[in-house]
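Colleague: Below you will find the structure I want to go over with you.
The values are calculated or read from the model by the stated rules, or taken from the named source; none is laboratory data. As the structure is a computational prediction, the values presented were derived from the model and not from experiment. All Cβ positions, glycine included, derive from the backbone under ideal geometry; neighbour counts span all protein chains shown. Areas reflect the complete protein model, heavy atoms only, side chains present, ligands, DNA and RNA absent. Shrake-Rupley method; radii C 1.70, N 1.55, O 1.52, S 1.80 Å.
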Amino acid sequence: MNFSIYDTQSREVKPVNVVDRPIHIYCCGPTVYRDAHVGNLRTFLLADLISRTLKLLGQKVILIQNITDVGHMSEDFEEQDKLLSQAKLEKSDPFAIARKYEEKFHADLAHLNIQTADKYPRASETIDGMLSSIQNLIDNESAYVAESGSVYFSAQSFPSYGAISGNRLESLKPGHRYEYSGDGEKRFHADWALWKSAGNRTEMVWESPWGRGFPGWHIECTAMSLDLLAQHIDIHVGGIDLRFPHHENERAQSNSIIGKEAVDLWVHGEHLLFEGRKMSKSANNVVLVADLISQGIDPLALRLALLENRYRSQMDLTWDSLRAANTTLMRWRTAMATWGESQNFLADAEIQTALIEDLDTPRAVLRLRAIEKDLSISPERKREIFNFVDQVFALDLSRKVEVKPLSKEQMDLVQSRANVRADKNWAESDRLRDVLAAEGIAVSDGPQGQSWNWIS
Ligand code: AMP
Ligand code: ZN
């Protein structure tokens with residue numbers, strides 16, 4: 001049984017090659033100058049879903065996710081290192097900023113049950129690896145040293161530049177903004193910096209054979225992925241905005257170093273919108289995991305809301321959809337408790353197929369909803385199927401729901417309603433339903449009689 005996923009470069013759904021070693025996954029990590037918003041987390045979840053699905057098939061996985069703590073320049077006119085700008089703003093040391101947001105990133109991942117990667121290499125601690133990658137590129141004439149001591153990759157040295165994004169060199173016009181457009185010393189407008197000379201910069205700078213400076217953003221992913229994944233990445237994951245220039249440049253660098261394709265499959269997650277607009281700091285519509293918690297929403301309800309949408313479609317999240325997901329999650333956990341205590345897994349063929357065919361999580365969720373309602377499936381089997389799915393969904397479905405007890409008066413109201421229903425006094429039953437609803441208690445009538453739950 002094979003797992004397949006959409007590869008941006010070939011523009012088709014392709015199987016992951018079955019190999020007699022762990023599958024190598026590299027996921028571009030956060031730039032740790034601010035909290036990760038739930039859009040960023042959608043992309044990090046993608047790597048988790050791929051890795052969990054492969055593990056479900058019995059496949060071992062090695063996952064590497066980098067921590068960008070230097071060299072990621074802001075896209076605005078000033079082109080400042082994001083870490084240094086934030087350090088100035090918070091009147092703090094850039095490394096202290098990096099460690100603070102790195103820690104928060106790990107806490108966010110834990111809230112979403114995203115499994116820990118095998119390594120989280122930091123850019124600032126991989127400088128030697130980047131220097132040797134850059135030297136390698138200079139030696140084979142893929143890169144050149146400018147007078148200032150900055151080193152640039154020569155885009156024209158790599159004939160298949162543009163294969164991932166479709167942005168071929170001939171169509172990249174001078175003056176178009178790629179990144180670092182201020183460098184007049186570049187030989188060709190689409191070249192990019194591998195190493196930047198320090199100039200006036202005094203913080204986060206390192207010695208190099210070309211003078212003091214700091215690394216470009218793209219070279220960090222080349223150095224780390226080649227080094228930590230034995231020069232072969234089966235699946236490379238990131239948000240769709242990284243397709244160009246970040247991944248295009250990474251591919252040119254990595255392939256020029258090893259002389260062959262470094263990455264089998266380039267997988268991109270589409271953006272998360274919030275109430276109609278792409279979630280971003282600049283759009284001022286950022287939602288954090290902490291915001292969910294303060295609204296009484298379980299962070300795993302976000303995980304469920306994300307699962308209800310296909311990773312490669314844009315998705316519009318709203319507070320209403322988050323609350324609806326929270327209600328479903330609580331209902332499933334409550335139902336699980338009534339379905340016995342089995343810890344066994346019962347595979348469901350349709351759900352497994354949905355997952356391995358390009359991560360069709362919405363189809364898997366629909367199937368789970370159908371199983372929940374299906375009277376022909378015994379409670380014990382339902383529980384075992386839910387256990388099985390939870391290996392990938394990771395919604396903690398067997399977690400006990402803490403239910404606040406009813407007061408004596410509320411219990412009496414619920415009991416009175418059961419009595420009037422036995423007497424077929426529908427008008428009084430409806431009135432009591434409204435009285436209970438006003439107290440935040442929902443009653444529903446099923447084949448086993450009346451049940452109640454708190455309205456969340
Ligand atoms: P950054 O911390 O800015 O380097 O971004 C971390 C990851 O989040 C990258 O893979 C981005 O492509 C991704 N990303 C940024 N904005 C969104 C969004 N609104 N929805 C989904 N992914 C995003
Ligand atoms: Zn990257």
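Colleague: Going through segment 65-138, which chymotrypsin sites (Phe, Trp or Tyr not before Pro) have at most 12 other Cβ atoms within 10 Å and a DSSP loop state?
Modeller: PHE77
Colleague: Multiply the residue gap between GLU185 and LYS91 by 0.36 nm, knock off their C-alpha separation, and tell me the result in nm, one decimal place.
Modeller: Value of the extension gain: 30.5 nm.
Colleague: Something else about it: Need one number: nm distance between label points at LYS281 and ASN200, each 7 Å from Cα along Cα→Cβ, rounded to one decimal.
Modeller: So the two model labels end up 2.2 nm from each other.
Colleague: Shifting gears a bit: Under 13 Å between alpha carbons, and skipping anything fewer than 8 positions from LYS14 in its own chain: which aspartates and glutamates qualify?
Modeller: Cross-link targets: ASP234, ASP264, GLU357, ASP358.
Colleague: For TRP452, tell me the accessible area in Å² from a 1.4 Å probe, rounded to the nearest 10.
Modeller: The accessible area of TRP452 comes to roughly 90 Å².
Colleague: At a 1.4 Å probe radius, which order do ASP320, ASP298 fall into by accessible area, largest first?
Modeller: Result, largest first: ASP320, ASP298.
Colleague: Along the principal axes of its C-alpha atoms, what lengths does segment 408-454 span, in descending order and rounded to whole Å?
Modeller: Principal-axis extents of segment 408-454 (Cα, largest first): 24, 20, 17 Å.
Colleague: Continuing with the same structure: Just to confirm, what accessible area per residue do you get for the chain at 1.4 Å probe, in whole Å²?
Modeller: Computed with neighbouring chains in place, this is 46 Å² per residue.
Colleague: Compute the relative contact order of the chain as a whole-number percentage, counting only Cα pairs closer than 8 Å that sit 6 or more residues apart in sequence.
Modeller: Answer for the chain is 16 percent.
Colleague: Give me the percent of accessible area attributable to carbon and sulfur for the chain, probe 1.4 angstrom.
Modeller: After summing per-atom areas, the C and S share lands at 49 percent.
Colleague: Something else about it: Taking a spot 7 Å from the Cα of GLN391 along the direction of its beta carbon, which residues of segment 351-374 have an amide N less than 14 Å from it?
Modeller: Answer for segment 351-374: 351-353, 355-356.
Colleague: May I pose another question? Ignoring everything but the protein chains, give the 1.4 Å probe accessible area of SER398 in square angstrom, nearest 10.
Modeller: SER398 has an accessible surface of roughly 60 Å² with all protein chains in place.
Colleague: Run through the DSSP bridge list for the chain and note the antiparallel percent, rounded to the nearest 5.
Modeller: Percentage antiparallel, nearest 5: 50.
Colleague: Any idea of ASP445's accessible area? Nearest 10 Å², probe 1.4 Å.
Modeller: 70 Å²
Colleague: For the pair ARG331/LEU366, report the inter-label distance in nm, with labels modelled 7 Å from Cα in the Cβ direction.
Modeller: Placing both labels 7 Å beyond Cα along the Cβ direction yields 1.7 nm.
Colleague: Straight-line reach only, C-alpha to C-alpha below 23 angstrom: list the lysines that LYS104 could link to, leaving out same-chain residues fewer than 8 apart.
Modeller: Correct list for LYS104: LYS82, LYS88, LYS91, LYS119, LYS278, LYS281.
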